[in-house]
Amino acid sequence: QVQLVESGGGLVQPGGSLTLSCAAAGLIYNINSMRWYRQAPGKQRELVAAISKGGSSSYEPSAEGRFTISRDDAKNTGCLQMNSLKPEDTAVYYCNADVGSRPNRGYLAIWGQGTLVTVSS
């Protein structure tokens, strides 16, 4: 069984920075794409950033230029560096990854439990 555990959320002032981490644990053969989603109160969950196994990244328009997604395959971890945070970035942030536990057996989409980011003065 594979788990994703996020950390790094908290309270930050507008303009500040936070780094979220996502650690995969369990039976892991390899990890394909990794993604960060967020869900603000009363809103649908939205994709914020994604990174492929080869390292190509993409961002939701409001995150472009402020957020940086990265991964460390040797450690089975991913990060989301968030700069110039705005109140509208307040949300629960979720890590999501396509994890393969055995060779040639495909991938399973795994979700973390979420970490709360609050941007407020």
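The values are calculated or read from the model by the stated rules, or taken from the named source; none is laboratory data. Quick caveat: nothing in here was measured; it's all calculated off a predicted structure. All Cβ positions, even for glycine, are placed from backbone atoms using ideal geometry, and neighbour counts span all protein chains on display. Heavy atoms of the whole protein, side chains included, go into the accessibility calculation; ligands, DNA and RNA do not. Shrake-Rupley method; radii C 1.70, N 1.55, O 1.52, S 1.80 Å.
Placing unit charges on the Cβ atoms only, positive for Lys and Arg and negative for Asp and Glu, gives the chain a dipole magnitude near 240 debye about its Cα centre. Can you give the longest run of the chain that contains no trypsin sites (Lys or Arg not before Pro) sitting in a DSSP loop with at most 11 other Cβ atoms inside 10 Å? Value returned for the longest uninterrupted segment is 1-42.
Take the chain with all the other protein chains still there, run a 1.4 Å probe, and you get 53 Å² of accessible area per residue.
Computed extension gain for LYS53 through LEU11, at 0.36 nm per residue and net of the alpha carbon distance, reaches 12.0 nm.
Compute the label zone of SER84 within region 40-63: residues whose backbone N is under 17 Å from the point 7 Å along Cα-to-Cβ. The answer is 49, 59-63.
Taking all C-alpha pairs of region 1-52, those more than 16 Å from each other amount to 59 percent. Converting phi to 3J(HN,Hα) with the Karplus coefficients 6.51, -1.76 and 1.60 and the offset θ = phi - 60°, region 70-79 yields 8, 8, 10, 5, 5, 9, 6, 10, x, 9 Hz in sequence order, with x at every glycine or proline. For the chain, the cysteines with no partner cysteine C-beta closer than 4.7 Å are CYS79. Think of the chain as having a plus end and a minus end, set by charges on the Cβ of Lys, Arg, Asp and Glu; of THR90, THR68, SER101, SER101 sits farthest toward the positive end of this dipole. Kirkwood radius for the chain, taken over all pairs of different Cα atoms as the inverse mean of 1/r, rounds to 14.4 Å. Lys/Arg Cβ at +1, Asp/Glu Cβ at -1, dipole of the chain taken about the Cα centre: which of SER58, LEU20, SER33 is farthest positive-ward? With unit charges placed on the Cβ atoms, the residue in question is SER33.
So how strong a dipole does region 1-60 carry about its Cα centre when Lys and Arg Cβ are +1 and Asp and Glu Cβ are -1, to the nearest 20 debye?
100
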